[in-house]
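The values are calculated or read from the model by the stated rules, or taken from the named source; none is laboratory data. Everything numeric in this text was worked out from a predicted model, so none of it was measured. Note that we place each Cβ from the backbone using ideal geometry, even for glycine, and neighbour counts take in every protein chain shown.
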Amino acid sequence: MINLFKKKTKFTAIKSILIDHLQQLNEKKNSIPEDVFDVTKFSLEEILGVFESMDILMKKDDYEGCIKLSRSILENSINLQYIYKEETESRAKNFKLASLRGMKRKFEALDEYTPEAKEMNDFFQERLKEFIPEKNIRDKFKAVNSDTTYVRSYRRLSEFIHPVYRPQRIDFKENRPLVVELRRTVRSDTCLVTLMALEAICSKYDLDGGVIMIDDPGYKGVVFFATNPKKQEGVVAS
């Protein structure tokens, strides 16, 4: 199926294409390794949920609230791109094991170490024998040739996550260079990095994909992005 979406709200298009790709992914479930399927489905659902939240905030022109959420989209998308770049099955498995490592640490921190807790901790210990410490997010950006995005967008968005003092709140209705850049990151860069992750998935497992139009004024002209170019050649032209 080929889809060409136009915006109704700020994120109608990207939400629609994510929902459609999740459906395509589910249809291919039996031909995708379990760990890869689980991690892909989880990550896409996480990204979709954030876009849905951002859509609510955008209706109130709350760009600062969106900025705090945007970093999550970048991180989830880069994680997917990193997993799909190479060694996909082992990287997906390791990504799942990372969550077990977190749970193991919680059991280790218990004040009362019951027999049940010890049994569960031993189970985690056995499973984690294959775990390899995950690369930090900066190294993952570098691995997928997106270090510029890390410096320009991810690191800047992080300033809004942590308690950094500012003498006054940013007025996102202004057209100062920084404000324009932040608005573009929220409205469009988050969509592009998500589409790049979708393209990696479609290419590996031959999903039909879809086509999306991004007409952000910060870009030079209208951007059309096909998540499976081989299956959608000529769609935009027609």
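The single residue among 10, 68 that is part of a helix (DSSP H, G or I), basic (Lys, Arg) and either crowded, with 19+ Cβ neighbours inside 10 Å or touching a residue at least 60 places away in the same chain (Cβ under 8 Å) (or both) turns out to be 68.
Please specify each residue of segment 217-235 satisfying the condition of being at pLDDT below 65 and surrounded by 15 or more Cβ atoms within 10 Å (Cβ to Cβ). 235, the sole residue that qualifies.
Scan segment 38-50 and give yes if some residue there is within 25 Å of residue 94 (Cα to Cα), without any contact (Cβ under 8 Å) to a residue 12 or more places away in the chain and part of a helix (DSSP H, G or I), otherwise no. Spell out how you get there, then give the answer.
Narrowing segment 38-50 to residues within 25 Å of residue 94 (Cα to Cα): 38-50.
Within this subset, residues satisfying the condition of being without any contact (Cβ under 8 Å) to a residue 12 or more places away in the chain are 42, 49.
Right, trim to part of a helix (DSSP H, G or I) and you get 42, 49.
Yes, because at least one residue in segment 38-50 is within 25 Å of residue 94 (Cα to Cα), without any contact (Cβ under 8 Å) to a residue 12 or more places away in the chain and part of a helix (DSSP H, G or I).
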